[in-house]
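A.B. asks: This is the structure, below, for whatever I ask next.
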Amino acid sequence: MFASVMINTNAKELNRVFDYIVPKEIEGSISIGARVFVPFGKGKNLTEGYVLEIKKESEFAKTDREKMKEIAKIEDSILNDTNIELARLMAEKYFCNVSDCIKLMLPPGNTSKDLTKRIKDKTAKFVYLALDKNATLKEIENNIKSQKQKKLLEFLCENDGIEAADLEAITEVSKSIMKTLEKNGYIKFKEEKIERNPLVHKNINRDKKLQLNEEQKSAYDQIEFVLENGEFAEFLLHGVTGSGKTEIYLQLIEKVIEMGKRAMVLVPEISLTPQIIDRFLARFGNCIAVLHSKLSDGERFDEWNKIRENKAKIIIGARSAIFAPVDNLGILIIDEAHDPSYKSDMTPRYHAKELARYMAKKNNFPLVLGSATPDVVDYYRAENFDVQLIELSKRANNAQLPDVKIVDMRKELAVGNKSMFSFELKEEIEKNLKDHKQTILFINRRGYSTFVMCRDCGHTMKCRNCNIALTYHSYENKLKCHYCGYEEAIPKICPECGSNKIKYFGSGTQKVENEIQKLFPNATTIRMDIDTVTKKNSHELILNKFKEKNIDILIGTQMIAKGHHFPNVTLVGIVAADGSLNIGDYRAEERTYQTVTQVSGRAGREKDKGRVIIQTYNPDNYSIICSQKQNYKKFYEGEIQLRRSLNYPPFCDIILLRVHSKNEEKVRAISQKIYKELLEKNNKNLLIYRPVPSPIDKIQNIYRWRIVIKCKLNRSSLNTIKDVVKNFYQSKNKDVSIIVDSNPNNML
């Protein structure tokens, strides 16, 4: 018997299977998907791999059997045929190794090649009565003299099978007394598995399903019809902010569970997870498993096993939850489906939406994409009937959309207002404070100032590792790089010209908080950005504190932009709506519309009318004007026309080929060489742009060039690019790496 083994390696030239002899003693235990250890190459240590095929014959055995090696050890069997098929498809589509994809499907904390570092089941000692309850009570009455022994046994008679540490704490009885009782045959200890439950701290009252309004009921009925027929269909649920999309999800999932199937819900941000989990716990109780990066490795491992053992009917998580070991899925829902975080920026550079579509088609169940601000590509697919479009035009609880006003900050400057807050925003904040209503202030930059510059010579303080301006963080009084983490003290004099005229430019969340505290010293504030959510559950604590303690003002970045429901928030101030207009990306207008609309949607979600102030230096920009009225259709019509004329997605796919090295000259030379080879191999199916330095041309002392390719992703275009990349690796260019990213999140 022989096994085709995929070696666990990043080396592109080893992205293929190697045949090994299966020893007789493990023939009965080996299976497709097994993790094995094999001798490989000239190395003395065993190498980890995965069995992708088992066969009776091998072509190599016919000619070089004496050179073939045996599998040394079989570790476990986690993968199945479905996993392997998906891994192969991903490797083909996302320009990576099959082993890179397989690792995403392994239990959390179990990808380390060092077996001692892998996560295992957590166990603890539990205490049980050695006799039955009646016999124990007789022993207490007739033979037990010690009051402490009596206390412990009486407690166990009512609470048999309790963790030893808890028993010791509750009864205040020492370990030595427990050992005496064990020795005398009254109690016994048993080592048992305990679950690391990330939801154990939640205590949420159950609720009942709500009455759907006419639009919601129509949406539900359309999707339910597909559910009951066991068919595949993709739906784009486009509903204004507050239109009740989550209630539709809940009722669809209830239907799925009644049918004996399971459901998966993907959410984009960890900061969104607490509220949606609370809604699901209130409706369905503890049949939920949660997967996201803020859980400990142990918690994720136990949640993964809970899913594999079919103990969870509903799986909620960020994009990596798409690889959870779930079978019998009845529906897959992607909430805030427009969000860029569904696309991975690390190898493999997959998109969760594409994998969800593949899974839904293969297994015949509906895929639901929900958003108030759909991705332009998704909406175009809906217009062309690849996706069924369902629209919700009203808020679910009859609440009105907020009144939105655009403030031209150029006019504020003209009348002498140099503050980051317009006169109108200040007045509205003051009014909210008097009315005991809450306010959200949004700015999509963290830190205090976005850059520090010398006013005499114009020198900007930059990271020594990255070609990027350092950001001033006032609380630590340091300059920090948001790309590599480098930090340094604030210079007192300019390192370029020696001037002491150092000035801070731009604003971030820290500066907004500082200015609010100066303007409204009696107001309570709380800040939510990547600097304040570093600890476990800190995002949930901040959101709960804002809601439950009725804190006056929440200041934050995109973490507060979508999905949250705060009943007492009636005012939203968007401090700098222009932040995403100049990001050097063809989606700049789309991202601006989405962000401004989503943030605006946090205001007035209950009875009180909401107000939104959008501060901008570009009041005539069409994405900002459309977001004022939440007029997605108008925005889409302008954006799709522009993309058609410039041949941007959805009218093409974009491949970004990045070349990286510590040697600047090598990056330039290799980029030119790859460009030339692409031109030679091109069958007129690729539009190839000349190589240029990336907009941020150095990060962590690595120089970065890029080649942009426009094409339609198909077998021919994929093969052309793969051939060029394969030649690059075969030529063994030392100290140079290539990253190929299809339809990347950012072009930087």
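The values are calculated or read from the model by the stated rules, or taken from the named source; none is laboratory data. All values derive from a computational prediction rather than experimental measurement. All Cβ positions, even for glycine, are placed from backbone atoms using ideal geometry, and neighbour counts span all protein chains on display.
A.B. asks: Every residue in region 453-471 that is within 22 Å of residue 748 (Cα to Cα) and not in a loop (DSSP other than H, G, I, E, B), please.
C.D. replies: Correct list: 460, 462, 469, 471.
A.B. asks: Name the single residue, out of those in region 57-93 being of a type in the set (Lys, Arg) and at pLDDT below 90, that is surrounded by the most Cβ atoms within 10 Å (Cβ to Cβ).
C.D. replies: 65
A.B. asks: Report yes if some residue within region 180-197 is aromatic (Phe, Trp, Tyr) and either outside the structural domain of residue 274 (by TED's automatic domain parsing) or farther than 20 Å from residue 283 by Cα (or both); otherwise report no.
C.D. replies: Within region 180-197, one or more residues are aromatic (Phe, Trp, Tyr) and either outside the structural domain of residue 274 (by TED's automatic domain parsing) or farther than 20 Å from residue 283 by Cα (or both).
A.B. asks: Okay, moving on. Please tell me if residue 462 is surrounded by fewer than 18 Cβ atoms within 10 Å (Cβ to Cβ), at pLDDT below 90, touching a Leu at 6+ places or on another chain (Cβ under 9 Å) and within 29 Å of residue 295 (Cβ to Cβ).
C.D. replies: no
A.B. asks: Can I ask one more? Out of curiosity, is residue 737 among the small types (Gly, Ala, Ser), touching a residue at least 12 places away in the same chain (Cβ under 8 Å) and over 23 Å from residue 666 (Cβ atoms)?
C.D. replies: So residue 737 fails the test.
A.B. asks: Here is a list of conditions, (1) crowded, with 22+ Cβ neighbours inside 10 Å; (2) under 18 Å from residue 373 (Cα atoms); (3) among the aliphatic types (A, V, I, L, M); (4) modelled with pLDDT of 85 or more, and residue 588 meets all of them except one; can you say which number that is?
C.D. replies: Here residue 588 clears every test but (1).
A.B. asks: Among the residues of region 354-376, are any closer than 26 Å to residue 212 by Cα and loosely packed, with under 15 Cβ neighbours inside 10 Å?
C.D. replies: no
A.B. asks: While we're on this one: Given 511, 545, which one is crowded, with 20+ Cβ neighbours inside 10 Å, on the phi < 0 side of the Ramachandran plot and among the charged types (D, E, K, R)?
C.D. replies: 511
A.B. asks: Within region 611-643, how many residues are part of a loop (DSSP other than H, G, I, E, B) and either more than 30 Å from the chain's Cα centre (by Cα) or among the acidic types (Asp, Glu) (or both)?
C.D. replies: Qualifying residue count, region 611-643: 5.
A.B. asks: Same structure again: So residue 364 passes all but one of these: (1) under 19 Å from residue 85 (Cβ atoms); (2) in the same structural domain as residue 628 (by TED's automatic domain parsing); (3) not aliphatic (A, V, I, L, M). Which condition number does it fail?
C.D. replies: Among (1) under 19 Å from residue 85 (Cβ atoms); (2) in the same structural domain as residue 628 (by TED's automatic domain parsing); (3) not aliphatic (A, V, I, L, M), residue 364 violates only (2).
A.B. asks: For region 405-441, give me each residue that is under 22 Å from residue 567 (Cβ atoms) and acidic (Asp, Glu).
C.D. replies: 428, 430, 435
A.B. asks: Right, next: If you check residue 163 against the conditions, is it touching a Ser or Thr at 6+ places or on another chain (Cβ under 9 Å) and under 30 Å from residue 316 (Cα atoms)?
C.D. replies: no
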